[in-house]
Amino acid sequence: MKNNAESKPIFEATLYPYRSLPPEVFWWLMAGVTGVSFTTGLAFASIGAWPILGFFGLDVLLLFIAFRLNYRSGRLVETVTLTREELLIRRIQPSGKVIEKRLQPYWLQVDSIPTSEEIGAPPAEIRLSSHGKVFSLGHFLTDDERSDLTEALNNALSKCRAMPELQ
């Protein structure tokens, strides 16, 4: 049976993508775009170019779909919990699928991989490695957030490693 002090979290963080456009403002934006597209489409229809009205409707539909996909990807959540015996990472995908990774904290290395200016470079991440296994998290964070999380996690790992063994 685990000692209560051993299972008490030393570090906890919940990570989720930032979305700068709140849902309420999204609906106002869509209403504005729809109004402008419809008005412009009617102007074209009044001079005999009625097929243009359909293209303006298609613009609104594609914009709506793009925003909905963006909001769906924003439902990704990653939680990081450090206890004396393990580092637990839970990733909840937008589809609801849960991925869990458990790493032993004593040998764990945490590195922040900065964003590359190179075109086509993979997204930046926090890379956790232990015993030849690599796990990445926080690819949606900014460089500053990634650095802060890396520093906080490294500090918590140092604190965890320095704790005396509990009998």
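Assorted remarks:
- Residue check for Ser7: under 27 Å from Ser136 (Cβ atoms) and in contact with an Asp or Glu (Cβ under 8 Å, 6 or more places away or on another chain): yes
- Residue list for region 82-122, restricted to those being surrounded by fewer than 16 Cβ atoms within 10 Å (Cβ to Cβ), modelled with pLDDT of 90 or more and among the β-branched types (Val, Ile, Thr): Val98, Ile99
- Residues of region 133-167 satisfying the condition of being under 21 Å from Arg102 (Cα atoms) and among the β-branched types (Val, Ile, Thr): Val134, Thr150
- Residue within region 19-30 that is part of a helix (DSSP H, G or I) and small (Gly, Ala, Ser) present: no
- Test: residue in region 79-87 that is of a type in the set (A, V, I, L, M, F, W, C) and more than 17 Å from the chain's Cα centre (by Cα): yes
- Flag if Phe44 is out of contact with any Pro (no Cβ under 6 Å at 6 or more places or on another chain), among the aromatic types (Phe, Trp, Tyr) and over 30 Å from Met163 (Cα atoms): yes
- Looking only at residues in region 31-61 that are surrounded by fewer than 14 Cβ atoms within 10 Å (Cβ to Cβ), part of a helix (DSSP H, G or I) and among the β-branched types (Val, Ile, Thr), the one that is farthest from the chain's Cα centre (by Cα) is Thr39.
- Criterion: in the same structural domain as Asp144 (by TED's automatic domain parsing), surrounded by 13 or more Cβ atoms within 10 Å (Cβ to Cβ) and not charged (D, E, K, R) - qualifying residue of Phe64, Phe11: Phe11
The values are calculated or read from the model by the stated rules, or taken from the named source; none is laboratory data. If you're wondering where the values come from, they're calculated on a predicted model, not measured in any experiment. A quick note on method: Cβ atoms are made from the backbone with ideal geometry, for glycine too, and the neighbour counts reach across all protein chains shown.
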